[in-house]
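K.L.:
The structure that follows is given in the form of structure tokens.
Computed from the coordinates by the stated procedures, all read-outs in this text should not be read as laboratory data. As the structure is a computational prediction, the values presented were derived from the model and not from experiment. Virtual Cβ from ideal backbone geometry, glycine too; neighbours counted across all protein chains shown.
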Amino acid sequence: MKSSKYKAEELQASAWRAAFHKVNLHMAEVVPPGWHTPDQIAEKLGYCREVAMQKCREMAKRGLVERRDFKVAWGSLIRARPHYRLKG
């Protein structure tokens, strides 16, 4: 049998989750024009996602593109996702 203390802790945890969710919604960044995720690049060029990610990483190593992580909504969460932009 659950004690009333356990139920109170469960309710408090639920309140904390809701508060964190509200804060996370305000943490998302606006991605400036010209920055794209590997998924977006893959779709535009007709590549599969994995190939686009590999190409983006390789281009960043060679200095052909800039890489920056933006905090964006991903499902119900806010996550840092890599975005790429051509240099020049």
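K.L.:
What full-extension length gain, to one decimal in nm, is calculated for residue 48 and residue 77 as 0.36 nm per residue of separation minus the Cα-Cα distance?
P.N.:
8.0 nm
K.L.:
Using a Gaussian network for the chain with springs between C-alpha atoms less than 10 Å apart, which of these wobbles most: 55, 44, 71?
P.N.:
Of 55, 44, 71, the most mobile in the Gaussian network model is 44.
K.L.:
Oh, and also: Can you compute the FRET efficiency between residue 30 and residue 87 using 1/(1 + (r/R0)^6), with r the Cβ-Cβ distance and R0 = 25 Å? Round to the nearest 0.05.
P.N.:
Step by step, r from the Cβ atoms, then E = 0.70.
K.L.:
Please give the calculated 222 nm ellipticity per residue for the chain, where each DSSP H segment of at least 4 residues contributes -39500 (n - 2.57) and the sum is spread over every residue; nearest 500 deg cm²/dmol?
P.N.:
Computed mean residue ellipticity for the chain: -16500 deg cm²/dmol.
K.L.:
Can you tell which of 35, 74, 16 shows the greatest fluctuation in a Gaussian network model of the chain with Cα springs below 10 Å?
P.N.:
Of 35, 74, 16, the Gaussian network model singles out 16 as fluctuating most.
K.L.:
Counting only pairs 8 or more residues apart or on different chains, how many lysine pairs in the stretch 4-86 have their Cα atoms under 27 Å apart?
P.N.:
8
K.L.:
Enumerate the calculated ³J(HN,Hα) couplings along the stretch 58-63 in order (Karplus 6.51 cos²θ - 1.76 cosθ + 1.60, θ = phi - 60°), each rounded to whole Hz, writing x wherever the residue is Gly or Pro.
P.N.:
Along the stretch 58-63, the couplings run 5, 5, 5, 4, 7, x Hz.
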